[in-house]
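Asker: Let me begin by handing over the structure; questions about it come next.
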Amino acid sequence: MKIVYGPVASWRLGKSLGVDLICSAEKICSFDCIYCQLEKTKKITSKREAFVSIRKVEEEVENALERTTPDVITFSGMGEPTLAVNIDDAIKTIKELTNIPIAILTNSTLLNDKKLQEPLKKIDIIVAKLDAPNEELFQKINRPTKGITFEETLKGIKDMRQQFNGKFALQIMFMNENKNYVHKLAELAQEIKPDEVQINTPLRPCAVKPLTKGELDEIEKAFTGLNTISVYHSPKPMTDPLDKLELIKRRRMEP
Ligand code: SF4
């Protein structure tokens, strides 16, 4: 499996070159979300580790940038990218290679870790997940590993947001399980004050039924006063992936 994949067409980031610091055949994540396109999390953990070498990251990113010019380089992939303990070195290495903005798609569970907050301050875009407004729903939808709580995760989002000078987006996946908690989630979003709220529903094949366009439009209205984008209204750009086979292997991943 390669560390670098795409560029993929992302409804929220444009042409996104993926960098997978987990790069495992099986997902490794601190969540086991009911809607995950990567199926059940067999390795569920909040322990940070080095999964790939930085030399390999440098080699693959450099090679990819000789062949394509993405809008953004995004840490995403086979699980939660902040579990990679060498993300700091990966950020420094990519920054030395290019001025293209760096983004991360994170499930937010480790954002309260000071050792992670420092390197993340150097990137350009953070997309932080928040699907639940309380512990009960957090357990039901995101099914975190032991020791991860709703309160700590929310605190991490708020802390990171305050310290971050780049673009901070909040991503919320809406489904039947949380659609009646829209106003509470909107209240939390008002407290967090993100630059953008990304209103999503699971449109890719998974165990959870997506909400309709009409339902998502109604939900978006609850976020009045915040800058919102919705998956049903955000066209994807055309992309030309460098390695189509690699992308097929990763076809269920959300860019
Ligand atoms: S959706 Fe993302 S955060 Fe949730 S289990 Fe899958 S990889 Fe982890």
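The values are calculated or read from the model by the stated rules, or taken from the named source; none is laboratory data. Just so we're clear, the structure is a prediction, and the values are computed from it rather than from any experiment. Here Cβ is always computed from backbone atoms with ideal geometry, including for glycine, and neighbour counts include all displayed protein chains. Remember, those area values only see protein heavy atoms, side chains included, never the ligands or the DNA or RNA. Shrake-Rupley method; radii C 1.70, N 1.55, O 1.52, S 1.80 Å.
Asker: Restricting to the stretch 200-246, what's the tally of residues that are surrounded by fewer than 16 Cβ atoms within 10 Å (Cβ to Cβ) and among the polar types (S, T, N, Q)?
Answerer: 4
Asker: In addition: Read through the list (1) touching a Leu at 6+ places or on another chain (Cβ under 8 Å); (2) under 16 Å from E191 (Cβ atoms); (3) open to solvent by 30 Å² or more (accessible area, probe 1.4 Å), then give the number of the only condition that M160 fails.
Answerer: Only one criterion is unmet by M160, namely (3).
Asker: Another question, if that's okay. Looking only at residues in the stretch 70-84 that are within 16 Å of the ligand (Cβ to nearest atom) and β-branched (V, I, T), which one is surrounded by the most Cβ atoms within 10 Å (Cβ to Cβ)? If you could, list the steps in order and put the result at the bottom.
Answerer: At the first step, the residues of the stretch 70-84 found to be within 16 Å of the ligand (Cβ to nearest atom) are 74-84.
Imposing the further condition that a residue be β-branched (V, I, T) reduces the set to 74, 82.
On the way: T74: 28, T82: 24.
Per the stated criteria, the residue is T74.
Asker: What single numbered condition from (1) open to solvent by 50 Å² or more (accessible area, probe 1.4 Å); (2) more than 15 Å from the ligand (Cβ to nearest atom); (3) in contact with a Lys or Arg (Cβ under 7 Å, 6 or more places away or on another chain) fails to hold for K155?
Answerer: (3)
Asker: Applying the selection to the stretch 128-178, what residues are within 17 Å of I192 (Cβ to Cβ), part of a helix (DSSP H, G or I) and basic (K, R)?
Answerer: Selection gives K155, K158, R161.
Asker: Sticking with this one: Determine which member of the set L111, L116, L105, L38 is part of a helix (DSSP H, G or I), within 16 Å of the ligand (Cβ to nearest atom), under 30 Å from N227 (Cβ atoms) and not hydroxyl-bearing (S, T, Y). It would help to see each step written out before you state the result.
Answerer: On the way: L111 fails: part of a helix (DSSP H, G or I); L105 fails: part of a helix (DSSP H, G or I); L38 fails: part of a helix (DSSP H, G or I).
Being part of a helix (DSSP H, G or I), within 16 Å of the ligand (Cβ to nearest atom), under 30 Å from N227 (Cβ atoms) and not hydroxyl-bearing (S, T, Y) holds for just one of L111, L116, L105, L38, which is L116.
Asker: Answer yes or no: is there a residue in the stretch 171-186 that is basic (K, R) and open to solvent by 50 Å² or more (accessible area, probe 1.4 Å).
Answerer: Going residue by residue through the stretch 171-186, those that are basic (K, R) are 179, 184.
Okay, now just the ones that are also open to solvent by 50 Å² or more (accessible area, probe 1.4 Å), so 179, 184.
The answer is yes, given that some residue of the stretch 171-186 is basic (K, R) and open to solvent by 50 Å² or more (accessible area, probe 1.4 Å).
Asker: List, please: which pairs have Cβ atoms under 8 Å, are six or more places apart or on different chains, and start with a residue in the stretch 208-230 that is at positive phi and end with one that is open to solvent by 50 Å² or more (accessible area, probe 1.4 Å) and of a type outside the set (F, W, Y)?
Answerer: G225/Q190
Asker: Related question: Please find, among S30, S16, the residue that is touching an Asp or Glu at 6+ places or on another chain (Cβ under 8 Å), surrounded by 22 or more Cβ atoms within 10 Å (Cβ to Cβ) and farther than 30 Å from Q139 by Cβ.
Answerer: Numbers: S30 fails: farther than 30 Å from Q139 by Cβ.
S16 is the lone residue from the list that is touching an Asp or Glu at 6+ places or on another chain (Cβ under 8 Å), surrounded by 22 or more Cβ atoms within 10 Å (Cβ to Cβ) and farther than 30 Å from Q139 by Cβ.
Asker: Still on this structure, I have one more. State yes or no: is E191 open to solvent by 10 Å² or more (accessible area, probe 1.4 Å), under 21 Å from R161 (Cα atoms) and modelled with pLDDT of 95 or more? Spell out how you get there, then give the answer.
Answerer: Numbers: open to solvent by 10 Å² or more (accessible area, probe 1.4 Å): yes; under 21 Å from R161 (Cα atoms): yes; modelled with pLDDT of 95 or more: yes.
Spelling it out, E191 is indeed open to solvent by 10 Å² or more (accessible area, probe 1.4 Å), under 21 Å from R161 (Cα atoms) and modelled with pLDDT of 95 or more.
Asker: It is to be established whether one or more residues within the stretch 58-69 are in contact with a Leu (Cβ under 8 Å, 6 or more places away or on another chain), in a loop (DSSP other than H, G, I, E, B) and buried (at least 17 other Cβ atoms within 10 Å of the Cβ).
Answerer: Our first condition is that a residue be in contact with a Leu (Cβ under 8 Å, 6 or more places away or on another chain); within the stretch 58-69, this holds for 58, 61-62, 64-65, 67-68.
From the residues that got through so far, the ones that are in a loop (DSSP other than H, G, I, E, B) too are 68.
Restricting the remaining residues to those that are buried (at least 17 other Cβ atoms within 10 Å of the Cβ) gives none.
No, that holds for no residue.
Asker: Would you call F150 over 16 Å from the mean Cα position of the chain (by Cα) and buried (at least 16 other Cβ atoms within 10 Å of the Cβ)? Reasoning before the result, please.
Answerer: Values: over 16 Å from the mean Cα position of the chain (by Cα): yes; buried (at least 16 other Cβ atoms within 10 Å of the Cβ): yes.
Taking the combined requirement at face value, the residue satisfies it.
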